[in-house]
1. Can you tell me which residue in segment 53-88 is least open to solvent (accessible area, probe 1.4 Å), limited to those that are in contact with a His (Cβ under 9 Å, 6 or more places away or on another chain) and over 13 Å from Ala110 (Cβ atoms)?
2. Report, by residue number, each residue of segment 96-111 that is small (Gly, Ala, Ser), modelled with pLDDT under 95 and touching an Asp or Glu at 6+ places or on another chain (Cβ under 9 Å).
3. So Ile126 clears everything in (1) more than 20 Å from Phe29 (Cα to Cα); (2) open to solvent by 40 Å² or more (accessible area, probe 1.4 Å); (3) among the aliphatic types (A, V, I, L, M); (4) not in a strand (DSSP E or B) except one condition, right? Which one?
4. Any chance segment 101-111 includes a residue that's outside any helix (DSSP H, G or I), of a type outside the set (D, E, K, R) and farther than 27 Å from Gln31 by Cβ?
5. Evaluate segment 7-28: report whether one residue or more is farther than 16 Å from His144 by Cα, at pLDDT 95 or above and under 16 Å from the mean Cα position of the chain (by Cα).
6. With respect to Ser119, is the statement that it is among the small types (Gly, Ala, Ser), open to solvent by 30 Å² or more (accessible area, probe 1.4 Å) and within 22 Å of Val146 (Cα to Cα) true?
7. For segment 68-125, name all the residues that are among the charged types (D, E, K, R) and within 12 Å of Thr20 (Cβ to Cβ).
8. Is it true that some residue in segment 33-50 is closer than 22 Å to Glu133 by Cβ and in contact (Cβ under 8 Å) with a residue 60 or more places away in the chain?
Amino acid sequence: FEEGARAAVCAHLRGARPLTAVVIALDGFKQVNDTLGHAAGDEVLRAVAAALTRTVRTSDLVARYGGDAFAVILANTAAVGANALLPRLHEALDGAMARRGWPITFSIGAVSFERPPRSERHLMRIVDARMYEAKHGGKNRLLHTVHQPTL
């Protein structure tokens with residue numbers, strides 16, 4: 001993921017193209033592992049990965065980002081495009097869980113960058129903060145902002 005994110009940021013820097021980064025936390029994942037077992041947890045992760053890859057373009061980067069989180073880099077995607085895609089992404093994830101009866105919801109933080117971030121680590125710190133804002137604001141939320149860099 002780090003290599004792909006670094007490449008996306010570099011392309012963003014070279015071409016001054018927009019970029020949207022997303023971090024998705026699986027609310028209730030620990031409960032599934034604890035009550036249904038790790039095999040069920042693995043199934044949840046596979047279902048989330050499948051829903052994400054079906055919903056985004058093949059040119060976008062989807063990766064697991066820690067134990068109960070995924071990250072998505074939407075290359076060449078400004079806020080307008082992200083505003084159209086992100087609710088569909090949330091619905092696809094919710095639908096994948098509902099079809100299987102899993103008690104998982106999603107706290108999603110997304111940040112659109114019109115100007116390039118300093119690095120992929122800087123980008124991920126910013127988008128991680130949005131995801132935690134969504135999670136601490138009540139979970140099962142989508143929070144999307146446009147990054148306004150300070151000069």
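1. From segment 53-88, those in contact with a His (Cβ under 9 Å, 6 or more places away or on another chain) are 75-76, 79, 82-83, 86; that's our starting set.
Imposing the further condition that a residue be over 13 Å from Ala110 (Cβ atoms) reduces the set to 75-76.
Working: Ala75: 31, Asn76: 86 Å².
For segment 53-88, the residue satisfying everything is Ala75.
2. Step one: filter segment 96-111 for residues small (Gly, Ala, Ser), giving 96, 98, 101, 107, 109-110.
If we keep only those that are modelled with pLDDT under 95 too, we end up with 101.
Result: no residue meets the conditions.
3. If we test Ile126 against (1) more than 20 Å from Phe29 (Cα to Cα); (2) open to solvent by 40 Å² or more (accessible area, probe 1.4 Å); (3) among the aliphatic types (A, V, I, L, M); (4) not in a strand (DSSP E or B), just (2) comes out false.
4. Filtering segment 101-111 down to residues outside any helix (DSSP H, G or I) leaves 101-111.
Still in the running and of a type outside the set (D, E, K, R): 101-111.
Applying the additional criterion that residues be farther than 27 Å from Gln31 by Cβ yields 111.
Yes, segment 101-111 contains at least one residue that is outside any helix (DSSP H, G or I), of a type outside the set (D, E, K, R) and farther than 27 Å from Gln31 by Cβ.
5. So the first thing to find is which residues in segment 7-28 are farther than 16 Å from His144 by Cα, and the list is 7-17, 26-28.
This time we only want the ones that are at pLDDT 95 or above, so: 26-27.
Cutting the leftovers down to under 16 Å from the mean Cα position of the chain (by Cα) gives us 26-27.
Yes - at least one qualifying residue is present in segment 7-28.
6. Details: among the small types (Gly, Ala, Ser): yes; open to solvent by 30 Å² or more (accessible area, probe 1.4 Å): yes; within 22 Å of Val146 (Cα to Cα): yes.
Considered against the rule, which asks whether it is among the small types (Gly, Ala, Ser), open to solvent by 30 Å² or more (accessible area, probe 1.4 Å) and within 22 Å of Val146 (Cα to Cα), Ser119 comes out as yes.
7. Within segment 68-125, the subset among the charged types (D, E, K, R) is 68, 88, 91, 94, 99-100, 114-115, 118, 120-121, 125.
Answer for segment 68-125, where residues must be among the charged types (D, E, K, R) and within 12 Å of Thr20 (Cβ to Cβ): just Glu114.
8. To start, the set of residues in segment 33-50 that are closer than 22 Å to Glu133 by Cβ comprises 48.
Right, trim to in contact (Cβ under 8 Å) with a residue 60 or more places away in the chain and you get none.
No, segment 33-50 has no match at all.
The values are calculated or read from the model by the stated rules, or taken from the named source; none is laboratory data. Treat the numbers as computed from the prediction; the structure is a model and nothing was measured. Please note: Cβ atoms are built from the backbone with ideal geometry, for glycine as well, and neighbour counts cover all protein chains shown. Quick note on the areas: whole protein, heavy atoms, side chains included, nothing else; ligands and nucleic acids left out. Shrake-Rupley method; radii C 1.70, N 1.55, O 1.52, S 1.80 Å.
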